[in-house]
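**Student:** Right, I'll just put the structure down here and ask away after.
Nothing in this text is a laboratory measurement; each read-out follows from the coordinates by a stated rule. Treat the numbers as computed from the prediction; the structure is a model and nothing was measured.
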């Protein structure tokens, strides 16, 4: 059984430690799927997932981290959201560690993100996937996200990647529109 919870400062420190240790092993599936595939330099990964960077993001008040924990309280996946404004929450990243994929954990994490976005009265969640990331794109499409744009960008580590941006319209806005039609 997996539970999804909002991360506190201690949880974020544990997440940073786990990510940095996973990405140390260049032969691991986690490293291959999330670093090597995109040509991301090791120093960039260390900086992005450092405890300082993650804690600073959380302290900004705009980022929220969610952890998927197994029965032993081991982190098996996580997500980070960024509140852009009152209407839009960005699902900045969602990761399920390789040995736990295809067990519905990503969907559990996403459902928690959606639940929290609705509580904040956000109108939509946006997410990006690299165009050739078939698994990620299927995940968003399976969960009712729709493509809103595709663009080639220069990531911070250099090169070019084509991103597909998805949007999930949240129900409460659709329900408001529907109720106005019937009024």
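**Student:** Which option, (i) 0.94; (ii) 0.97; (iii) 1.02, is the value of Rg/Rh (Cα atoms, Kirkwood Rh) that was calculated from these coordinates?
**Tutor:** Given (i) 0.94; (ii) 0.97; (iii) 1.02, the calculated one carries the label (ii).
**Student:** From the helices alone, meaning DSSP H stretches of at least four residues, give me the mean residue ellipticity at 222 nm for the chain, per-run term -39500 (n - 2.57), in deg cm²/dmol to the nearest 500. The partial results should precede the final answer.
**Tutor:** Values: 7 runs with 74 residues, N = 183.
Mean residue ellipticity at 222 nm (helix-derived): -12000 deg cm²/dmol.
**Student:** Any idea what Rg and Dmax come out to for the stretch 39-139 if you just take the C-alpha atoms, in Å?
**Tutor:** Cα radius of gyration and Dmax of the stretch 39-139 are 14.1, 38 Å respectively.
**Student:** What do you get when you divide the Cα radius of gyration of the stretch 84-142 by 2.2 N^0.38 Å, with N the number of residues?
**Tutor:** On the way: Rg = 12.2 Å, N = 59, 2.2 N^0.38 = 10.4 Å.
In units of the globular-protein estimate, the stretch 84-142 measures up at 1.18.
**Student:** Could you give the spread of the C-alpha atoms of the stretch 20-96 along their three principal axes, from largest to smallest, in whole angstroms?
**Tutor:** Reported extents, whole Å, longest axis first: 41, 33, 21.
**Student:** Related question: On alpha carbon coordinates alone, what is the Rg over Rh value for the stretch 17-65, Rh being the Kirkwood radius?
**Tutor:** Details: Rg = 11.8 Å, Rh = 11.5 Å.
On the Cα set of the stretch 17-65, Rg over Rh gives 1.03.
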